[in-house]
Amino acid sequence: MLRSPSDSGFSLIEALVALAVFAMAGVALVQLQTHALGAFAQTETRALADLAAQNRLTEIVSSTTRPAPGAREEQVAFAGRTWSMTTTVVETPAPETFRVSVAVSTPGAAPVAVAHAFYAAGETP
């Protein structure tokens, strides 16, 4: 079938194919954006948990009171969120030296960040 010059343009099939291609590209972009937002939220959670753990270690190490060996769990508010914080103090073979570990998680979940430090009881901060 020959086309006349006035029949130039896209056929219905060509327009539908182009629409389908653009629709698939749009869906892919939405999925990519959703994944990026999820990764950002996870990174933000890890960064805030690490800051909370480092803050707790700083409080313990700079305290004039020697930490008692054992584990202690508490709920802490930090950066507008509630965190579960487990602080573990363990004696080391070196005299008057303790290893302090702080694990931070969202309530009811596995730890998101864990920080460690050593505390020598004879040192002054």
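Taking THR82, is it polar (S, T, N, Q) and touching a Pro at 6+ places or on another chain (Cβ under 9 Å)?
Numbers: polar (S, T, N, Q): yes; touching a Pro at 6+ places or on another chain (Cβ under 9 Å): yes.
Yes.
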message: Can you tell me which residue is nearest to ALA47 (Cα to Cα) among those in the range 57-109 that are modelled with pLDDT of 90 or more and charged (D, E, K, R)?
response: ARG81
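Hey, among the residues in the range 113-125 that are outside any loop (DSSP other than H, G, I, E, B) and in contact (Cβ under 8 Å) with a residue 60 or more places away in the chain, which one's nearest to the chain's Cα centre (by Cα)? Break it down into steps so the answer makes sense when it comes.
From the range 113-125, those outside any loop (DSSP other than H, G, I, E, B) are 113-120; that's our starting set.
Restricting the remaining residues to those that are in contact (Cβ under 8 Å) with a residue 60 or more places away in the chain gives 113-115, 117.
Numbers: ALA113: 8, VAL114: 12, ALA115: 14, ALA117: 21 Å.
That would be ALA113.
Would you confirm, using the coordinates I've provided, whether PHE118 is in contact with a Phe, Trp or Tyr (Cβ under 9 Å, 6 or more places away or on another chain) and not β-branched (Val, Ile, Thr)? Full working, then the answer.
Details: in contact with a Phe, Trp or Tyr (Cβ under 9 Å, 6 or more places away or on another chain): yes; not β-branched (Val, Ile, Thr): yes.
Taking the combined requirement at face value, the residue satisfies it.
If we only count strands (runs of 3 or more DSSP E) wholly inside the range 57-112, which ones have 1 or more residues that are in contact with an Asp or Glu (Cβ under 8 Å, 6 or more places away or on another chain) and surrounded by 11 or more Cβ atoms within 10 Å (Cβ to Cβ)? Lay out the reasoning, then the answer.
Details: elements: 70-78, 81-91, 97-105.
Those strands (runs of 3 or more DSSP E) span 81-91, 97-105.
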query: When the range 83-125 is examined, which residues are found to be polar (S, T, N, Q) and over 12 Å from VAL61 (Cα atoms)?
result: SER84, THR86, THR87, THR88, THR92, SER105, THR106
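Just to be sure before I move on: is ARG46 touching a residue at least 60 places away in the same chain (Cβ under 8 Å), charged (D, E, K, R) and surrounded by 11 or more Cβ atoms within 10 Å (Cβ to Cβ) in the structure I sent?
On the way: touching a residue at least 60 places away in the same chain (Cβ under 8 Å): yes; charged (D, E, K, R): yes; surrounded by 11 or more Cβ atoms within 10 Å (Cβ to Cβ): yes.
Criteria met by ARG46.
The values are calculated or read from the model by the stated rules, or taken from the named source; none is laboratory data. These numbers were taken from a predicted model, which means no experiment stands behind them. Reconstructed Cβ throughout: ideal geometry from the backbone, glycine too, with neighbour counts over all protein chains shown.
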